[in-house]
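Below is one structure, written out as structure tokens; the observations come after it.
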Amino acid sequence: MSAVSGTPSLVVGVDVGGTFTDLFVLDEASGQARIVKVPSTRGEEARGFMNGIAKVTGANAQGGPDAARAIATIVHGTTVGTNALLERKVARTGILTTRGFRDVLEMRRRDRPQTWGLRGSYTPVVPRALRLEVDERVLADGTLHTPVDLDQVKAQAQALLDAGCEAICIFFIHGYANPANERAAAEVVRALWPNPHVTVASEVLPEIREFERCSTATLNAALQPVVGSYLERLEGDLRAQGFGGELLIVQSNGGVMSRQTACDVPVRTALSGPAAGVMACAEIARAAGFPNVITGDMGGTSFDVSLVAGGRAALAEQTSIEFGLVIRAPMVRIETIGAGGGSIAGVDAGGLLQVGPESAGSVPGPACYARGNDRPTVT
């Protein structure tokens with residue numbers, strides 16, 4: 001807190017990685033800055049986050065009612081959503097779609113994991129049995145050809161609930177041109193659904209191209225319970241320790257959003273942590289007089305590279321978290337390889353050196369940590 005006013009004066013940036021949780025602390029009252037690093041707690045990212053906050057404020061690991069009172073703002077870059085997609089640890093999700101279009105998600109753009117391979121497998125994030133159809137139709141020019149059958153919507157939503165779905169995505173063909181049917185269906189579903197995890201495709205991505213819109217909206221729905229529960233727990237822990245400021249979440253485009261917006265549209269947190277690093281590099285380079293730079297961010301699990309030209313980070317219109325998991329949203333263009341400081345090296349079946357993607361993480365960590373790891377790592 002400010003020694004003069006007693007008001008919160010700390011601004012804390014937090015990046016939770018696979019190996020370490022890094023915090024940058026700025027005291028706006030004194031202008032002093034410092035860096036704090038603590039081991040990440042894989043699978044319990046909120047605990048590692050709070051351990052870092054405790055180290056910032058000088059509190060013990062359990063904190064206390066005033067432990068975070070000196071903090072005015074927290075800006076958090078998170079990979080919780082990205083990791084959930086990569087590991088397929090997302091919520092059981094259902095899709096309500098226009099009759100005849102339940103396979104849009106699985107057909108994709110008719111691409112293959114290996115372009116020249118004769119075989120290739122792809123498992124959509126929502127299985128076919130949970131992609132249900134209703135009668136409705138909007139034409140490409142926005143003309144409402146067939147109003148949505150709300151009785152069918154109610155019955156199909158109940159069927160998805162009975163099948164154990166935690167989240168639901170409403171995706172109708174040409175919903176971007178006229179969202180009336182999607183909105184009417186959403187009103188019926190929300191009256192029935194036991195939680196707020198209802199995604200309307202035209203609200204997440206109101207633009208043409210049915211696969212990209214379906215994929216983005218479906219991944220958003222699948223991430224809502226995962227990211228939402230993480231952020232709600234995080235904010236609850238912070239409030240219990242006296243934090244009365246603002247919790248902001250970094251977006252994939254390098255900007256920030258409120259905690260509630262991140263819970264509603266968690267798909268925008270994809271590559272959130274690396275995006276924050278690129279924006280920081282751009283600002284440091286600008287201050288040093290270098291408007292054109294290549295950024296490198298080496299963590300414990302991956303190495304991320306991006307480009308800053310004319311002082312601005314390069315942006316991409318969409319990205320694939322992995323094959324078939326397409327997210328169409330503005331995001332910082334980042335190229336990633338699975339070779340970080342903790343990446344494990346070995347020899348593959350062909351006798352060639354292979355580094356990553358498996359990482360030693362923070363436990364046991366690289367061999368130099370003397371915590372029992374006997375396999376070689378980059379560090």
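Overview of values
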{"read-out": "Number of the exception - Gly255 against (1) touching a residue at least 12 places away in the same chain (Cβ under 8 Å); (2) within 24 Å of Leu85 (Cα to Cα)", "value": "(1)"}
{"read-out": "Members of region 312-370 found to be part of a loop (DSSP other than H, G, I, E, B), surrounded by fewer than 13 Cβ atoms within 10 Å (Cβ to Cβ) and not hydrophobic (A, V, I, L, M, F, W, C), listed by number", "value": "Glu322, Asp348, Gly350, Gly351"}
{"read-out": "The one condition in (1) under 30 Å from Leu353 (Cα atoms); (2) small (Gly, Ala, Ser); (3) under 17 Å from the mean Cα position of the chain (by Cα); (4) surrounded by fewer than 21 Cβ atoms within 10 Å (Cβ to Cβ) that Gly277 fails to fulfil", "value": "(4)"}
{"read-out": "Matching residues, region 23-49, being within 19 Å of the chain's Cα centre (by Cα), among the aliphatic types (A, V, I, L, M) and closer than 16 Å to Gly361 by Cα", "value": "none"}
{"read-out": "Every pair of residues 6+ apart whose Cβ atoms lie under 8 Å, when the first sits in region 15-28 and is closer than 18 Å to Ala84 by Cβ while the second is of a type in the set (Phe, Trp, Tyr) and buried (at least 20 other Cβ atoms within 10 Å of the Cβ)", "value": "Val16/Phe49; Thr21/Phe49"}
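Every number here is computed from the coordinates shown, using simple stated rules; none is lab data. Values in this document were obtained by computation on a predicted structure and should not be read as measured data. Note that we place each Cβ from the backbone using ideal geometry, even for glycine, and neighbour counts take in every protein chain shown.
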